[in-house]
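Contents: one structure, followed by commentary.
The numbers here are math on the coordinates, done by the rules we state, and not lab data. Since this is a predicted model, take the numbers as computed values, not measurements. Cβ sites come from the backbone with ideal geometry, for glycine too, and all protein chains shown count toward neighbours.
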Amino acid sequence: MRVSFAQFMRDSIARNGSGYTRRGLLLLAAGRVAPEPPSAGQVLVAMPELRDPDFARTVILLFDAGTQSAMGLMLNRALRRRDGEPQLFAGGPVAQGTRCLQREASSPNARRLCPGVWLADGPAREPGGRTYLGYTGWTAAQLRDECLRGLWRTLAGDAAIVFDPDPATLWQRLLAREK
């Protein structure tokens, strides 16, 4: 039985709430399967088709992903550093806050994201920790839509990815590994 697009939209919204954008619903109508929504502790790898200059060729660890929004840190955008200063990373285009990823919960406000990775506010307090300035952010519907369009590959997060010794080539290596 064929239904009109308007009926499909009404049925989809009734089933899924407003969790998809109109474009996402169009892709669903075309027969694409909806991916599971990404969750905190997962890694997003930008696919080559993603042309947005803020996100092209990025690897992002999600630290929050709920029904309304998702936020993460870019793992492969090291900032230029001066001699004697610690390495800092551009966490994303939203220039608010300083967060760190650490291998242990060395502060009371640290939250475990995935095996061997803890998130805390402020600069890294332990050797080997990484400090991020800013973050990335989406509405939940926007990120689901981008995943549905095939712009992101989702991987399980782990300390080997997060604390990779060569973040400049991390994107290329993760992309090649998953082919």
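Per-structure values
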{"item": "Cys100, Cys114 arranged by Cβ crowding within 10 Å, fewest neighbours leading", "result": "Cys114, Cys100"}
{"item": "Computed lengthening from Arg81 to Glu104, 0.36 nm per intervening residue step minus Cα-Cα distance", "result": "5.8 nm"}
{"item": "Other-chain or far-sequence residues with amide H under 5 Å of Leu75's (modelled H)", "result": "Val59, Ile60, Leu61"}
{"item": "Under the Karplus curve 6.51 cos²θ - 1.76 cosθ + 1.60, θ = phi - 60°, whole-Hz ³J(HN,Hα) for the range 98-104, x wherever Gly or Pro sits", "result": "10, 10, 9, 10, 10, 7, 9"}
{"item": "J(HN,Hα) series, the range 81-88, from Karplus relation 6.51 cos²θ - 1.76 cosθ + 1.60, nearest Hz, glycine and proline x", "result": "10, 9, 4, x, 9, x, 6, 10"}
{"item": "Three-way shape label, the range 44-123, alpha-carbon gyration tensor, a/c 1.5", "result": "oblate"}
{"item": "Estimated vicinal HN-Hα couplings, Hz - the range 116-133 in sequence order (Karplus 6.51, -1.76, 1.60; Gly, Pro = x)", "result": "x, 9, 10, 9, 9, 7, x, x, 4, 10, 10, x, x, x, 10, 9, 10, 9"}
